Amino acid sequence: MWYNMNKIVFRRKHGVNRKEHNRMMTIRTIEDTFMQLYKKKGLEKITIHELCETAGISRTNLYRYYDDKYQILQTIEDRLLENIEEINKSDYFINQLENDIEKKLPLLYKTVCYIDENRDYFATLLGRNGDPSFVFKWKSCMRKNLESKTAESKVFDYDLDVVVEIMVSSFIGIYTFWLIEKPELSCESITKICGDILYGKIYKI
């Protein structure tokens with residue numbers, strides 16, 4: 001299941017009781033506040049006291065869900081990457097007969113849309129005070145996914161590992177530039193750019 005943790009809407013009619021609702025809203029408050037502070041000052045300067053004070057919760061409440069600030073960051077990063085992996089589990093990668101970018105590159109489009117829905121989190125993690133290890137983990141996940149989907153493709157005169165590394169680095173660079181420098185660009189535009197890298201510049205399917 002992939003969903004936007006930052007925009008969860010709880011509805012009693014969906015069977016979410018008040019206790020669970022409060023639990024999830026507390027987690028959301030902690031994580032949103034943490035990311036706001038992280039964007040502003042980086043991880044090392046965040047204190048639990050400041051986090052609790054800004055979020056309006058007690059230390060006891062925070063420690064009910066997290067051991068420390070490092071676990072908060074780890075939880076957020078793991079969830080973002082797990083959801084991207086979930087989106088890309090399908091083998092259906094491209095439909096050459098479609099002109100509509102959403103239908104032509106459905107997995108890539110859904111990935112870009114997910115990044116857009118969580119753009120504040122991704123922009124923070126990729127930004128000036130971001131976490132280099134997040135980029136490393138994301139590239140590793142992306143590399144594994146692309147290798148499995150392009151293993152049978154015909155590459156011009158390049159080693160597959162080199163080609164995949166070029167694509168992975170290009171995608172991360174594009175996403176970072178989009179989120180931080182060109183947020184007005186649409187998901188369709190970003191998907192098309194990444195699609196051109198996949199199929200228009202290096203590969204012939």
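The values are calculated or read from the model by the stated rules, or taken from the named source; none is laboratory data. Note that the coordinates shown come from a computational prediction; the quantities given were computed from them, not determined experimentally. FYI the Cβ positions are ideal-geometry reconstructions off the backbone, even for glycines, and counts take in every protein chain you see.
Filtering the range 168-205 to residues that are in a helix (DSSP H, G or I), among the aliphatic types (A, V, I, L, M) and at pLDDT 90 or above leaves V168, I172, I174, L179, I180, I190, I193. Screening N22 against (1) modelled with pLDDT of 95 or more; (2) part of a helix (DSSP H, G or I); (3) surrounded by fewer than 17 Cβ atoms within 10 Å (Cβ to Cβ) leaves a single unmet condition, (1).
The residues of the range 35-83 that are among the basic types (K, R), free of Cβ contacts under 8 Å to residues at least 60 places away in the same chain and over 21 Å from E20 (Cα atoms), listed by number, are K45, K69.
Taking the listed residues A123, A55, the one that is modelled with pLDDT of 95 or more and touching a Ser or Thr at 6+ places or on another chain (Cβ under 6 Å) is A55, with no other qualifying. Checking each residue in the range 61-104 for being at pLDDT 95 or above, surrounded by fewer than 17 Cβ atoms within 10 Å (Cβ to Cβ) and assigned to a loop (DSSP other than H, G, I, E, B) picks out R64, Y65, D67, D68.
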